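Worksheet: the structure to be examined is printed underneath.
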Amino acid sequence: MNGRKTMSEMQKPPGRATPPRTPRWVIAFVVILILLVVVVVIVHLMGFRFDHGTGAIFFNRVVSLTEQAIQYGRT
Amino acid sequence: MTPSVRKFVRTVHVIVTVGWLGAVAGFLALAIAGLTSQDDLIVRSAYPAMDLITRFVIVPLSLIPLLLTGPLLSLGTPWGLFRHYWIIVKLVINVLSTAILLIHLRPIRYMAQLAAQGTITSAAQPAQIQLVAAAAAGLVSLLVATGLAVYKPRGMTAYGWRKQYAERTESQDVRSGM
């Protein structure tokens, strides 16, 4: 959805030699995104394993690899 | 891209993205009904409906702006794909939403099968909660993407700045006859 703005209306053309700084709203977006990823990982690790859902493939693989590693260590 | 083609692509893009938003809102309502309702009939009919909406409405509506209209509108106009932060953020939101949606096809199918067999028990509650959380997160991210498309917050990337600077210098050189 680009609206009806023309190039001259979009952003002020650069009038200086150095590139502009990253806007604060972009930094806030990245921080929120990272926090959300951390929350999802913590929820997964706390035992909400989604047995029939998203995490199933990943966690089943991790569990089987861990079991294989333990067995390999014993032999 | 000619103005008439651009207008057509923009119209398709708006229809599809707003339709995607509405479909996800409908999905969320069904997911909440499936999780909270005491009426067995509602619970048993909600999940097959969610499965159908996902496969035939949400997935196609999510892929069209991501693969077709979005790249066409950004690359076919002076806006570019990597020149402005708001376009990159929208792209990230779109890619993540579609990826999370495709990952969730499995639990949606699983719940639809349980509903069809009439065997939804408390053991399925994590999957039910997951569907509500994912739909709510999807709805919020699509609202943010719509807001970005309307407000177009300022912020040019270093790449966009270099491009615009080069174009400006070039046009000044042409005007001064160099």
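Scanning region B:93-128 for residues that are under 18 Å from B:GLN38 (Cα atoms), open to solvent by 40 Å² or more (accessible area, probe 1.4 Å) and in a helix (DSSP H, G or I) gives B:ALA116, B:GLN117, B:SER122, B:ALA123, B:GLN125, B:PRO126.
Here's a check for you: in region B:81-92, which residue that is within 11 Å of chain A (Cβ to nearest Cβ) and surrounded by 17 or more Cβ atoms within 10 Å (Cβ to Cβ) is nearest to B:ILE58 (Cα to Cα)? The extreme case among them is B:LYS90. Looking at B:LEU63, is it in contact (Cβ under 8 Å) with a residue 40 or more places away in the chain, open to solvent by 20 Å² or more (accessible area, probe 1.4 Å) and aliphatic (A, V, I, L, M)? Judged against the criteria, B:LEU63 is not a match.
Matching residues to (1) open to solvent by less than 50 Å² (accessible area, probe 1.4 Å); (2) facing another protein chain (nearest Cβ under 8 Å):
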{"site": "B:SER141", "(1), (2)": "yes, no"}
{"site": "B:VAL144", "(1), (2)": "no, no"}
{"site": "B:GLY147", "(1), (2)": "yes, no"}
{"site": "B:PRO153", "(1), (2)": "yes, yes"}
{"site": "B:ALA158", "(1), (2)": "yes, yes"}
{"site": "B:ALA166", "(1), (2)": "no, no"}
{"site": "B:ARG175", "(1), (2)": "no, no"}
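Of all residues in region B:117-146, those that are within 26 Å of B:VAL92 (Cα to Cα) have Cβ atoms under 8 Å from Cβ atoms of residues that are assigned to a loop (DSSP other than H, G, I, E, B) and modelled with pLDDT of 80 or more, 6 or more apart or on another chain, in B:GLN130/B:HIS104; B:LEU131/B:HIS104; B:ALA134/B:HIS104. Of note, B:ILE15 satisfies the criterion of being open to solvent by 40 Å² or more (accessible area, probe 1.4 Å) and not in a loop (DSSP other than H, G, I, E, B). If the requirement is being of a type in the set (Phe, Trp, Tyr) and out of contact with any Gly (no Cβ under 9 Å at 6 or more places or on another chain), which of these qualifies: B:PHE56, B:PHE27, B:PHE82? The match here is B:PHE56.
Kindly indicate the residue of region A:15-45 that is within 17 Å of B:LYS152 (Cβ to Cβ) and surrounded by 13 or more Cβ atoms within 10 Å (Cβ to Cβ) and also modelled with the lowest pLDDT among those meeting that condition. Looking at the filtered set, the residue picked out is A:PRO20.
Are any of the residues in region B:31-52 open to solvent by less than 30 Å² (accessible area, probe 1.4 Å) and within 18 Å of B:ALA145 (Cβ to Cβ)? Looking through region B:31-52, none of the residues is open to solvent by less than 30 Å² (accessible area, probe 1.4 Å) and within 18 Å of B:ALA145 (Cβ to Cβ). B:ILE103 meets the conditions (1) over 16 Å from the mean Cα position of the chain (by Cα); (2) at pLDDT below 85 in every case but one. The failed one is (1).
The values are calculated or read from the model by the stated rules, or taken from the named source; none is laboratory data. Computed from a predicted model, the values in this text were never measured in an experiment. Cβ sites come from the backbone with ideal geometry, for glycine too, and all protein chains shown count toward neighbours. Surface areas here come from the heavy atoms of the whole protein model, side chains and all, with no ligands, DNA or RNA. Shrake-Rupley method; radii C 1.70, N 1.55, O 1.52, S 1.80 Å.
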